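Reading through the structure tokens given below for one structure.
No value in this document is a laboratory result; all are computed from the given coordinates. Being a predicted model, the structure only gives us computed values, none of them experimental. Glycine gets a Cβ as well: all are built from the backbone with ideal geometry, and neighbour counts include every protein chain shown.
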Amino acid sequence: MSEAVEVLLLDDEPIVGRRLKPALAKLGCQVEVYEDPKEAMQRLQEKQFHIVVTDIRMEDIDGMQVLEFVRQRWPETKVIMITGYAMMDLAREAMDKGAFDFIAKPFKPDDLRRVIVMAARHLGFEIDYQPAGDDGA
């Protein structure tokens with residue numbers, strides 16, 4: 001595939017989007033960043049992304065609701081959950097509901113890049129990826 005991997009990144013902490021968007025752009029991904037879950041859900045109704053990265057704990061709409069919506073509307077989309085609340089039962093629930101993977105905060109941009117590359121490869125994309133070895137963002 002020659003098209004870019006399209007990623008929607010949702011986290012209510014602005015620093016997360018600021019750090020991760022450039023890290024994912026280095027992979028050649030087209031990234032849309034949202035801090036407001038309602039805005040992200042609106043966008044997800046309009047457009048299918050290859051990969052959705054969402055925080056689990058947010059106001060109003062949580063990541064589990066985002067996961068369930070994406071799995072219903074766009075079953076091929078890979079959903080990666082991120083959270084500062086690294087509880088095994090939550091991770092298990094997310095995986096049971098169809099999440100591709102689960103990353104606990106704090107994490108380095110390279111940790112997310114690795115998971116994005118795996119998800120993209122599952123979708124048939126070829127991404128040339130060399131781990132940065134540091135936070136690389």
Per DSSP, loop chymotrypsin sites (Phe, Trp or Tyr not before Pro) in the range 1-98 with at most 15 further Cβ within 10 Å: 85
At 0.36 nm per residue, and after removing the present C-alpha to C-alpha distance, how many nm does the segment from residue 15 to residue 35 gain when stretched out fully? 6.2 nm
Given charges at beta-carbon only (K, R positive; D, E negative), |dipole| of the chain in Debye: 280 debye
Looking at the chain, how many pairs of lysines come closer than 17 Å at the Cα, when each pair is eight or more places apart or spans two chains? 6
What length, rounded to one decimal in nm, is gained on full extension from residue 89 through to residue 122, with 0.36 nm per residue of separation minus their alpha-carbon distance? 9.4 nm
Within the range 38-137, list the GluC sites (Glu not before Pro) lying in a DSSP loop whose Cβ has at most 14 other Cβ atoms in a 10 Å radius. 59, 76, 126
Sequence gap at least 6, Cα distance under 8 Å: using those rules, report the relative contact order of the range 33-79 to the nearest whole percent. 41 percent
So, relative contact order of the chain in percent, Cα under 8 Å, 6 or more apart, is 24 percent
Quote the convex hull volume per residue of the range 6-121, based on C-alpha atoms, as a whole number of Å³. 88 Å³
